[in-house]
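Here's the structure, in structure tokens; my notes come after.
The values are calculated or read from the model by the stated rules, or taken from the named source; none is laboratory data. Not measured: the values here are computed from a predicted model. Don't worry about glycine lacking a Cβ; one is built from the backbone with ideal geometry, like all the others, and counts go over all protein chains shown.
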Amino acid sequence: MLSFEEYVKTVNLNVLLSELDSSYAKTVAEQVKYFTEKEAEDGDRIVLGYFGESGVKRIVDTVVNYLLSPPNSRNA
């Protein structure tokens, strides 16, 4: 079985979106490609400059904790 990282590196977004019955699969795939190849580095630099490494870590930790928490405990 592929790890998540391996899957992301090898996934064909056009095929995935088509299998999900997306009516705009080609357009979405082109936008994802543009933003991951052209904009990501600038975005990463901006976010790091604004929040710093510790701030980004806190954000990531918060999101991960939320995603891993049981759904009933999220509204508490």
Original post:
Regarding Asn14, is this residue at pLDDT below 80, assigned to a helix (DSSP H, G or I) and loosely packed, with under 10 Cβ neighbours inside 10 Å?
Top reply: no
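Go through region 17-64 and give me each residue that's of a type in the set (S, T, N, Q) and surrounded by 10 or more Cβ atoms within 10 Å (Cβ to Cβ).
Initially, region 17-64 is screened for residues of a type in the set (S, T, N, Q), giving 18, 22-23, 27, 31, 36, 54, 62.
Those that are of a type in the set (S, T, N, Q) and surrounded by 10 or more Cβ atoms within 10 Å (Cβ to Cβ): Ser18, Ser22, Thr27, Gln31, Thr36, Thr62.
Where residues in region 22-56 are among the hydroxyl-bearing types (Ser, Thr, Tyr), part of a helix (DSSP H, G or I) and closer than 16 Å to Asn12 by Cβ, which of them is farthest from the chain's Cα centre (by Cα)?
Only one residue tops the list, namely Thr27.
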